[in-house]
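The block underneath contains the structure these notes are about, expressed in C-alpha cells.
The values are calculated or read from the model by the stated rules, or taken from the named source; none is laboratory data. Nothing here was measured: the structure is a model prediction, and the numbers come from that model. Backbone-built Cβ (ideal geometry, glycine too); neighbour counts: all protein chains shown.
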C-alpha cells in the first residue's frame, strides 16, 4: 500500500479555484469567457514598478535570503504605513513580512491554536482559512451571518460560541466572499469580546485599500493594549497588483512576532527578496497610483450595483464591496455548484458556488468582479439573465 497521508489533509477538499477551472468546456477556442472565480486585479503593476522589478532582477543580492522577518526598510515602511492609515503608532518590532497574506494567517494561527482547540469564523468564510483550520485539526465554529443583517457577524452570537478551548476569532474585512465592510464599532465590539476572554482577534485586511472611504477601518491600533489581542494580516498583492510575487505581512505583539519567526524559518525562511523590494517601492512611491486604482475599483462596484437593478434579472445582489459581490441565484431546486457549472459550460461565465464558503450557502454565488474591466460588467449581467432560461 505504501505510505499513508494524514486524514486531515486527504479529507480536505481540493483547492476551489482549481476545481472551478475544471468546469470549463474542453474546447474553448473562439469563446469569450469571463472569469470571475479568483480575486485578481485586471491591471498589471504600475509601469514604474515594473521597471524597478526589472532592475532588481539583475542585482546579485536579490537572489539571496533576507532576514527571516523581512528586510528592515520594508518592516519600517509597513509600520509607518499602518501608523498613518490608522492614526496610531505601529513599530518595526510589531511587523513580520511573509510570503503573502495567506501565509501570514497560517503562521499566526499555528502559533496561537493547536489540535483540539477551536476558533470562531463568520460564515460564509474564506475557504483557504477553513482549509488550513481543518488541516490543523482545529475546530471551526461557524458564526452565521444573515443577509438581513448585511452579512455582518453578531458579537452576541459570537459570545455564545466561546468556551475554554476557544483561541481566536477570525475576521476578513472587506469580506471575502461577501464584500461586506465591517463598521468600526462592530470591530471594536469583537475586540472587546476577545480581550474579555483572552482570545486573539485575527483580522485579514487584504482589501483595506478598497473600502471607498478615507477614514480608518477601525481604531484598534490606537488602543494602548492592542498588542494583547489584535493580529493584523496584511497583503500587498491587491494594492500593488503583485499577486504572483507572494508578499504580505503581519502586525502583532513582538511576543507573537518572535514565535512566528521560528515558524517562518522552517516554512520559507523568508519572503522572496525581489517581492519585498517591490512592496517597499510601492509603499514609498505609489500612493497616488494605489489611490487611483482603488477609485477605479469603487467605480466598477457602483456600475455593477446599478446593473443588478435590472428588472429582467432574477439574481439578487445580497452584499458587495471591494473585490466581491455575493449573489443569490434563482434556482431553488439546484445546488449552487450545479448552477456555477452550468454558467461556465453554457454561458461562458466562471463564478464560485456559495457551497465553497460554508454550510448553508447553497443559495449563493460569489462574483470576483475585480477580474474584469468596467466594459465587461454589462456582459456579466447579460449572461446571468440569459442563464435564467435554463
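Some values worked out for this structure:
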read-out: Selected residue [in a loop (DSSP other than H, G, I, E, B) and either touching a strand residue (DSSP E or B) at 6+ places or on another chain (Cβ under 8 Å) or surrounded by 24 or more Cβ atoms within 10 Å (Cβ to Cβ) (or both)] from 361, 376; value: 361
read-out: Odd one out for residue 291 among (1) in contact with a helix residue (DSSP H, G or I) (Cβ under 6 Å, 6 or more places away or on another chain); (2) within 25 Å of residue 43 (Cβ to Cβ); value: (1)
read-out: Breaking point among (1) touching a helix residue (DSSP H, G or I) at 6+ places or on another chain (Cβ under 8 Å); (2) within 30 Å of residue 293 (Cβ to Cβ), for residue 18; value: (1)
read-out: Pick from region 316-330, criterion under 22 Å from residue 298 (Cβ atoms) and either outside the structural domain of residue 370 (by TED's automatic domain parsing) or in a loop (DSSP other than H, G, I, E, B) (or both), ranking: modelled with the highest pLDDT; value: 323
read-out: Residues located in region 221-243, provided they are touching a helix residue (DSSP H, G or I) at 6+ places or on another chain (Cβ under 9 Å), surrounded by fewer than 22 Cβ atoms within 10 Å (Cβ to Cβ) and over 18 Å from residue 171 (Cα atoms); value: 222, 223, 225
read-out: Scope region 88-131; condition modelled with pLDDT under 95, outside any loop (DSSP other than H, G, I, E, B) and either farther than 22 Å from residue 187 by Cβ or not assigned by TED's automatic domain parsing to the domain that holds residue 225 (or both); matching residues; value: 127, 131
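Residue by residue, here is whether (1) assigned to a helix (DSSP H, G or I); (2) surrounded by fewer than 17 Cβ atoms within 10 Å (Cβ to Cβ); (3) in contact with a strand residue (DSSP E or B) (Cβ under 7 Å, 6 or more places away or on another chain); (4) touching a residue at least 40 places away in the same chain (Cβ under 8 Å) holds:
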residue	(1), (2), (3), (4)
277	yes, no, no, yes
282	yes, no, no, yes
304	yes, no, yes, yes
332	no, yes, no, no
